[in-house]
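The values are calculated or read from the model by the stated rules, or taken from the named source; none is laboratory data. From a predicted model like this one, the values you see are computed outputs, not experimental measurements. Backbone-built Cβ (ideal geometry, glycine too); neighbour counts: all protein chains shown. Side chains included, ligands, DNA and RNA excluded: accessible areas come from the protein's heavy atoms. Shrake-Rupley method; radii C 1.70, N 1.55, O 1.52, S 1.80 Å.
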Amino acid sequence: MKTILITGGAGFIGSHVVRLFVNKYPNYKIVNLDKLTYAGNLANLSDVEDKPNYEFVKADIVDSGKILSLFREYRFDGVIHLAAESHVDRSIANPTEFVFTNVIGTVNLLNAALDVWKGNTEEKLFYHISTDEVYGSLGKEGMFTESTKYDPHSPYSASKASSDHFVRAYCDTFGLPTLVSNCSNNYGSFQFPEKLIPLFINNIRYNKALPVYGKGENIRDWLWVEDHARAIDVIFHQGKVGETYNIGGHNEWTNIDLIQLMCKILDRRLGRKEGASAELITYVKDRAGHDLRYAIDSSKLQKELGWVPSLQFEEGLEKTIDWYLENESWMLNVTSGDYQLYYEEQYQKR
Ligand code: NAD
Ligand code: TYD
């Protein structure tokens, strides 16, 4: 039986990865390590928490002593590292937290893996989950490939770029078997409503203003989170050590077109007259250092490992909207703590 550590498993993407692995691999013991920050929520995993091959450990990856002792205790065979501070606007408000978790936390995990795997790296793997934001911003043409030069602009993407470099450096310098994947924007169930799609679904539902940054012309390449989790499964099992894989759905949308589509679907779902929700659109001050366009070329992953996205975006967006409408208690639960304070601080000044 293999023991696999998944960090950040109580967050948005991590919870989908944990669910997939726990259900698909009964012969793996899945240990979900999470600090349970505002973004981590064990309710995201209520359907797997009683499975015999699942265990939750509350820990902070910045605590190097604790991380090392957990590695020595569990002797993990593989690591899928998702724990991170993940929101660009929070990184602008408080960059230091991103250095601690994303950079130092990642180095602590690498050091612990090196400690317990030294001399025996056979069948071991440290798989680091990263973002396309490390590549910076595109103009109208072109796509990010695995060889695009890193050019991060936000404190979030700078911290993720730094962690990616450390992961590759531990492979090159110490022979630690590592892999990195860089994925485009994810959407789907269990995403914390600070990110565009769940935030706007919630605001439309409660007739609150929709704060569009700048002119709404920025472009993001959206991928359904369960397709990302499937890609992580494929890369973890078939990816080549030392390699990088880009993950994306060839699905670019300007923010304003995406917001108009959400308004249209929600008008129908909420029984409003056509155009009613779009009246909530409010243009606000742009995000500082706002990247214009992201677009991922995932042909390497498609050709070499045979992964393809499973869902058309319109279908995925409708499913996602329905999930948030049907799971109001989840939304009320995650927005009950410091969320109101966060919301006021972020949006009052815009
Ligand atoms: P999230 O913010 O929803 O979840 C992050 C999780 O990490 C939370 O459960 C949180 O409690 C945990 N965590 C934070 N700090 C920690 C610490 N110090 N110790 C232990 N646990 C800690 O993030 P997400 O959107 O699920 O992203 C997961 C990973 O995927 C991140 O590494 C992110 O950079 C990457 N990624 C995200 C996207 C996206 O669109 N959301 C796209 C590409 C890559
Ligand atoms: P976000 O979901 O924060 O993801 P990222 O910045 O990591 O791509 O934002 C997606 C896009 O939506 C981005 O261009 C910023 C924009 N946006 C708004 O216009 N208003 C908002 O309130 C938020 C949160 C984002």
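Listing for the model above:
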| read-out | value |
| --- | --- |
| Near pairs, Cβ below 9 angstrom, 6+ apart or cross-chain, from the range 3-21 (outside any loop (DSSP other than H, G, I, E, B)) to any residue that is charged (D, E, K, R) and within 16 Å of ligand 2 (Cβ to nearest atom) | PHE12/LYS195 |
| Hey, PHE21 under 20 Å from SER336 (Cα atoms), surrounded by 20 or more Cβ atoms within 10 Å (Cβ to Cβ) and modelled with pLDDT of 95 or more or not | no |
| When residues of the range 1-16 are limited to those that are under 20 Å from the mean Cα position of the chain (by Cα) and more than 9 Å from ligand 1 (Cβ to nearest atom), the one nearest to SER69 (Cα to Cα) | LEU5 |
| Residue check, LYS35 open to solvent by 10 Å² or more (accessible area, probe 1.4 Å), within 15 Å of ligand 1 (Cβ to nearest atom) and in contact with a Leu (Cβ under 7 Å, 6 or more places away or on another chain) | no |
| Test: residue in the range 59-82 that is more than 16 Å from ligand 2 (Cβ to nearest atom), closer than 29 Å to MET331 by Cβ and of a type in the set (D, E, K, R) | yes |
| Unmet requirement for GLU318, which otherwise passes all of (1) under 23 Å from MET262 (Cα atoms); (2) in contact with a strand residue (DSSP E or B) (Cβ under 7 Å, 6 or more places away or on another chain); (3) not small (Gly, Ala, Ser) | (2) |
| Candidate set: the range 137-150, residues that are within 20 Å of the chain's Cα centre (by Cα) and hydroxyl-bearing (Ser, Thr, Tyr); chosen: the one surrounded by the most Cβ atoms within 10 Å (Cβ to Cβ) | SER137 |
| Where a residue in the range 134-153 is free of Cβ contacts under 8 Å to residues at least 24 places away in the same chain and its partner, wherever it lies, is among the hydroxyl-bearing types (Ser, Thr, Tyr) and assigned to a loop (DSSP other than H, G, I, E, B), with Cβ under 8 Å and at least six apart | ASP151/SER137 |
| Residue satisfying all of: in the range 23-52; under 26 Å from GLY105 (Cα atoms) and part of a helix (DSSP H, G or I); nearest to ligand 2 (Cβ to nearest atom) among these | ASN44 |
| Qualifying residue in the range 126-136 (condition: of a type outside the set (Phe, Trp, Tyr) and more than 16 Å from the chain's Cα centre (by Cα)) | yes |
| Conditions (1) polar (S, T, N, Q); (2) in a helix (DSSP H, G or I); (3) surrounded by fewer than 22 Cβ atoms within 10 Å (Cβ to Cβ): number failed by ASN102 | (3) |
| Selected residue [among the aliphatic types (A, V, I, L, M), in contact with a strand residue (DSSP E or B) (Cβ under 9 Å, 6 or more places away or on another chain) and within 27 Å of ASN327 (Cβ to Cβ)] from VAL22, VAL79 | VAL22 |
| Some residue of the range 106-120 being open to solvent by less than 10 Å² (accessible area, probe 1.4 Å), within 16 Å of ligand 2 (Cβ to nearest atom) and at pLDDT 95 or above | no |
| Matching residues in the range 53-99 - criterion: being in a loop (DSSP other than H, G, I, E, B) and near ligand 1 (Cβ under 10 Å from one of its atoms) | ALA59, ASP60, ILE61, VAL62, ASP63, LEU82, ALA83, ALA84, GLU85, SER86, HIS87 |
| Residue ID - nearest to ligand 1 (Cβ to nearest atom), chosen from residues in the range 180-227 that are of a type in the set (Asp, Glu) and open to solvent by 20 Å² or more (accessible area, probe 1.4 Å) | GLU226 |
| Residue count for the range 291-307, restricted to those that are away from ligand 1 (no atom under 16 Å from the Cβ) and out of contact with any helix residue (DSSP H, G or I) (no Cβ under 7 Å at 6 or more places or on another chain) | 7 |
